[in-house]
Amino acid sequence: LDNRPIGVFDSGVGGLTAVRALQRLLPSENILYFGDSGRAPYGCRPVDEIRRIARQDSSFLAEKGVKALLVACGTMDSNALGDIVENVTVPVGGVVRPSAEAAAAATRNGRVGVLATAATARSGAFGRALAAARASLTVTAEGCPLLVPLIESGHGAADDPALGEALDEYLAPMQAAGVDTLLLGCTHFPLVSDAIAARMGPGVTLIDSGAEGARACARNLAEAGLLCGQERRGSSIYYTSGGTDAFARLSALFLDAGGAGPIRGVEPFRL
Ligand code: DGL
């Protein structure tokens, strides 16, 4: 049993989808979250920058004494997981493989859509993970550069016109391909799943990459004997390199009541 916190990190508020799931699955765990909103989006950056950023973010949490890291960011997982594993001494898990496995298990017609950031789409990581999980899937992948900036700037409401326009464009290829399963391969995207579900209809299963990463993290902690031993509810502390007020507003929308804890501002790290 290990009462040290789990470290969870992302380019911004997207990783809260993983925190929300972790808090439901393992309510007694302590969590340290880092959202790099001051430097988001990551998905439009070149790979070498994403790799340097991933090392900085993982060092920040590792130095605070976490027992494991959950890379709650498809962009860092697909472009820099090896850098993170090399950079820290604690176990590291991500979102790509668990969510690809969930999508492969969920599809009935074998047609899976993947929405991700531009850098994730370019990496091909989801295509490889889906092929490893189940041969002969037809995968339609789309890079969606507008969604993270819209969500980070508070345009995540289901009836937001700018969000609606962007989703109409990104979802058209998914509808045309007849996917029955849509993998939200950027952890920000489940935050707008109502707007996505309304467009895709009830016949399409949405896979939440943050939640799947959290489920895998919970399994791995249990297997490694690293679950927390305390009886009381765990505490969560949030660090953001963006504005603390904006983070508080967004986290109040996305986390369960009582999920939000203290929010601490940090200066963005220099590249
Ligand atoms: N939540 C991050 C992801 O899963 C967003 C990356 C970005 O900032 O573009 O990819």
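The values are calculated or read from the model by the stated rules, or taken from the named source; none is laboratory data. These numbers come from a predicted model, not from an experiment. All Cβ positions, glycine included, derive from the backbone under ideal geometry; neighbour counts span all protein chains shown. All accessible areas refer to the heavy atoms of the entire protein, side chains included, with ligands and DNA or RNA removed. Shrake-Rupley method; radii C 1.70, N 1.55, O 1.52, S 1.80 Å.
Would you please name the residue that is surrounded by the fewest Cβ atoms within 10 Å (Cβ to Cβ), looking only at residues in the stretch 60-107 that are within 11 Å of the ligand (Cβ to nearest atom) and not in a helix (DSSP H, G or I)?
Restricting to residues being within 11 Å of the ligand (Cβ to nearest atom) and not in a helix (DSSP H, G or I), the top hit is GLY94.
Would you confirm whether or not the stretch 18-41 contains a residue that is among the aromatic types (Phe, Trp, Tyr), in contact with a strand residue (DSSP E or B) (Cβ under 9 Å, 6 or more places away or on another chain) and within 12 Å of the ligand (Cβ to nearest atom)?
Taking every residue of the stretch 18-41 in turn, none turns out to be among the aromatic types (Phe, Trp, Tyr), in contact with a strand residue (DSSP E or B) (Cβ under 9 Å, 6 or more places away or on another chain) and within 12 Å of the ligand (Cβ to nearest atom).
Filter the stretch 257-271 down to the residues that are part of a loop (DSSP other than H, G, I, E, B) and charged (D, E, K, R), then identify the one that is most open to solvent (accessible area, probe 1.4 Å).
The qualifying residue most open to solvent (accessible area, probe 1.4 Å) is ARG270.
Taking interchain pairs and intrachain pairs at least six residues apart, which have beta carbon atoms under 8 angstrom, with the first residue in the stretch 191-218 and β-branched (Val, Ile, Thr) and the second part of a loop (DSSP other than H, G, I, E, B) and at pLDDT below 95?
VAL192/GLY156; VAL192/ALA158
How many residues does the stretch 1-39 contain that are within 17 Å of TYR239 (Cα to Cα), aliphatic (A, V, I, L, M) and assigned to a loop (DSSP other than H, G, I, E, B)?
Count: 1.
Please count how many residues of the stretch 193-211 are assigned to a helix (DSSP H, G or I), of a type outside the set (S, T, N, Q) and within 12 Å of the ligand (Cβ to nearest atom).
Of the residues in the stretch 193-211, 1 are assigned to a helix (DSSP H, G or I), of a type outside the set (S, T, N, Q) and within 12 Å of the ligand (Cβ to nearest atom).
From the list PHE254, PHE247, pick out the single residue that is out of contact with any strand residue (DSSP E or B) (no Cβ under 9 Å at 6 or more places or on another chain), open to solvent by less than 40 Å² (accessible area, probe 1.4 Å) and within 15 Å of the ligand (Cβ to nearest atom).
Among PHE254, PHE247, only PHE254 is out of contact with any strand residue (DSSP E or B) (no Cβ under 9 Å at 6 or more places or on another chain), open to solvent by less than 40 Å² (accessible area, probe 1.4 Å) and within 15 Å of the ligand (Cβ to nearest atom).
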